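Before any comments, here is the structure.
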Amino acid sequence: MTPKRLINASQVVSSYLYSRATRKPVHWGLPVSLSFEPTTSCNLRCPECPSGLRSFKRPTGMLTEDLFKETIDELQDTLLYLLFYFQGEPYLHPQFLDLVEYATSKNIYTATSTNAHYLNDKNARRTIESGLDRIIISIDGTTQETYQAYRKGGTLDKVLEGTRNIIAWKQKLGSKTPHVIFQFLVVRPNEHQVDEVKALAKDLGVDEVGLKTAQIYDYEYGSDLIPTIDKYSRYKRMKDGRYRIKSKLLDHCWKMWHSCVVTWDGKVVPCCFDKDAHHPMGNLTETSFKTLWRSGPYRQFRASLLHSRREIDMCKNCTEGTTVWA
């Protein structure tokens, strides 16, 4: 935290609170958090993921190093947190760890989320050396049968091997980072293994376990993926047999003030729920980030959610704070 970053964070918080109170889309700072999408490519075919389903309407590609560095250079004085993930598998990007290293050199906290199939010995060592602060490893089962029920095309042994490689190289290089997290997406096929994944994480030396609720696209009439254990479900069954989302859709959103997402080809979208970039605020190949962040389209979008968030399609299935840290 530097003085500039502290001042910017204070501006972001105060402008958000002011906007909530007045319902006027005022913004006095720059984002404190940013998600960059290295690629939309993925090796798996998970059933509730656009990358896995190959259902994107936007093209598949790789983030260019120039676009990334130009954006980081523009925001380095105010940016605190950088997530290398949106859709796709980050380690499929051939320069992924070079990008992490560049952000680390700017003293920005870095994190990523991976299915861990590419954490071979070489990549594991490079991950530690890149300075990555946080790595979320998706592990949605403690047996191959359960794991592949959601992670279609995946191999649990590869996930465990990659995890061991990361932890081994942390020890060999005497590094405290990255903080290793097992993310367990709780769905009906694996809900009976919650205690088992906690035990597995402890045995491997994983730092933390996150039990995450699953987003279901067509949830109204139920799904084989919706857990039977209520606290792990985003959805509640009604008396008529249909399901509705548990969380209340309030007319404000902190994410619209403190963060955004940059797709591999430079589009800036409001948040991670806009998976197919239906609400582009602009493109960094044409406009500087600061200009785009304060642009008319962004102000109009913030204004629309302050007045009637339920009219924005991507918000209807939104549940902030849906990870339980175990």
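Couple of notes before you dig in:
- Residues of segment 20-63 that turn out to be over 21 Å from Phe273 (Cβ atoms), free of Cβ contacts under 8 Å to residues at least 24 places away in the same chain and in a loop (DSSP other than H, G, I, E, B), as a count: 2
- Of everything listed in (1) touching a strand residue (DSSP E or B) at 6+ places or on another chain (Cβ under 9 Å); (2) open to solvent by less than 70 Å² (accessible area, probe 1.4 Å); (3) without any contact (Cβ under 8 Å) to a residue 60 or more places away in the chain, the single unmet condition for Tyr109 is (2).
- For segment 3-18, the count of residues that are assigned to a loop (DSSP other than H, G, I, E, B) and open to solvent by 10 Å² or more (accessible area, probe 1.4 Å) is zero.
- From the options Tyr81, Tyr102, Tyr118, residue that is under 17 Å from the mean Cα position of the chain (by Cα) and open to solvent by 20 Å² or more (accessible area, probe 1.4 Å): Tyr81
- Residues (modelled with pLDDT of 75 or more and among the hydroxyl-bearing types (Ser, Thr, Tyr)) located in segment 247-261: Ser259
The values are calculated or read from the model by the stated rules, or taken from the named source; none is laboratory data. These figures come from a predicted structure and were not determined experimentally. FYI the Cβ positions are ideal-geometry reconstructions off the backbone, even for glycines, and counts take in every protein chain you see. Quick note on the areas: whole protein, heavy atoms, side chains included, nothing else; ligands and nucleic acids left out. Shrake-Rupley method; radii C 1.70, N 1.55, O 1.52, S 1.80 Å.
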